[in-house]
Amino acid sequence: MADLPYITCRELIEFLYLYLEGELPPDRVVEFERHLSVCDSCVHYLATYKETIALGKAACAELDSPVGDEVPEGLVLAIRSSLRSQI
Amino acid sequence: MTPDTGIPAGARDEQGSERDLVSRLRRGDEDAFEHLVREHGGRLLVVARRFLREEEEARDAVQECFLSAFRAMDRFDQASRLSTWLHRIVVNACLMRLRTRRRKPEEPIDEFLPQFQANGHQVRHPTPEWEGSAETLLARRETRSIVREAIDRLPDSYRAVLLLRDIEELSTEEAAQSLGVTANAVKIRLHRARQALRTLLEPRFRRTASC
């Protein structure tokens, strides 16, 4: 095992999605984690990839809060007028 | 909490008033419809802006959403929430618009993806650490707008996948069905979208060497 070559940073980054989704075959997971045990750069890439997902969720979740989401008056009028034409 | 239903009294009132609203909407009550637009329109517009980026198109999508809802009101399942139902309709309206746009050439994403040397290391090696976790960064007032601006910079097809999977939390199969692509295409696009977003955020959040 110790003599096996390590997978490259490129391979690790390409398979990151499958690793995080739990879709990587067990033998690939072992290779993946073996690379991470010796490569700080990929450890940082993995960490910041995960933070990116968390930041995206949080930044957009705030947009879904009702505070300050007023509908422009012009849009209300436009919708009312299209609705009347349909009734 | 009420012993008969197990539903908190506030939620029960809300369900009751939503049922009344739906009855009025089904009778074609214009005031009820205007109430619906004022109650939900702002939030739906925010969702549409996120997908479409262009204000006029986002407003058109919201308008389409309400007209579709009006036409389909008889089919609305009262076991669902109006907000959830409208949300789904507006997302579909946005996806329809993005599909039309996709006939035009899309801006490439490659410049935001990691580049590699022949030895498999990244060209920009090593990857820097960030100043903190998402939780720490979110404590700053400007973080959310930085992230939203970065999401807006993603090309349409990548932004749509990111929004459907990471924000709307659709499954890969659901996102594939919504977009009319294969599940594998969703996986590839989502990974690229996340990588591109990471690249766009890195200059804002990377730890800088202290003196």
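The values are calculated or read from the model by the stated rules, or taken from the named source; none is laboratory data. As the structure is a prediction and not an experimental result, all values here were calculated from the model. Quick reminder, even Gly has a Cβ in these numbers, built from the backbone with ideal geometry, and neighbours come from all protein chains shown.
Quick notes on this one:
- Any hit, the range A:65-72, residues being in a loop (DSSP other than H, G, I, E, B), β-branched (Val, Ile, Thr), surrounded by 14 or more Cβ atoms within 10 Å (Cβ to Cβ) and modelled with pLDDT under 95: yes
- Taken over the range B:16-47, residues that are touching a residue at least 24 places away in the same chain (Cβ under 8 Å) and either touching a Gly at 6+ places or on another chain (Cβ under 6 Å) or part of a loop (DSSP other than H, G, I, E, B) (or both) amount to 0.
- When the range A:28-57 is filtered for residues that are more than 7 Å from every other protein chain (Cβ to nearest Cβ), among the aliphatic types (A, V, I, L, M) and either in contact with a strand residue (DSSP E or B) (Cβ under 9 Å, 6 or more places away or on another chain) or under 16 Å from residue B:130 (Cα atoms) (or both), the ones remaining, listed by number, are A:43, A:46, A:47.
- Answer residue from the range A:37-52, given it is β-branched (Val, Ile, Thr) and either surrounded by fewer than 19 Cβ atoms within 10 Å (Cβ to Cβ) or modelled with pLDDT under 95 (or both) and is nearest to residue B:201 (Cα to Cα) among those: A:43
- The lone criterion from (1) among the polar types (S, T, N, Q); (2) within 19 Å of residue B:50 (Cβ to Cβ); (3) not in a helix (DSSP H, G or I) left unmet by residue B:208 is number (2).
- Residues in the range B:91-131 that are touching a helix residue (DSSP H, G or I) at 6+ places or on another chain (Cβ under 8 Å), within 30 Å of residue B:176 (Cα to Cα) and of a type in the set (Val, Ile, Thr): B:91, B:109.
- Counting the residues of the range B:136-170 that are more than 11 Å from every other protein chain (Cβ to nearest Cβ) and closer than 24 Å to residue A:24 by Cβ gives 4.
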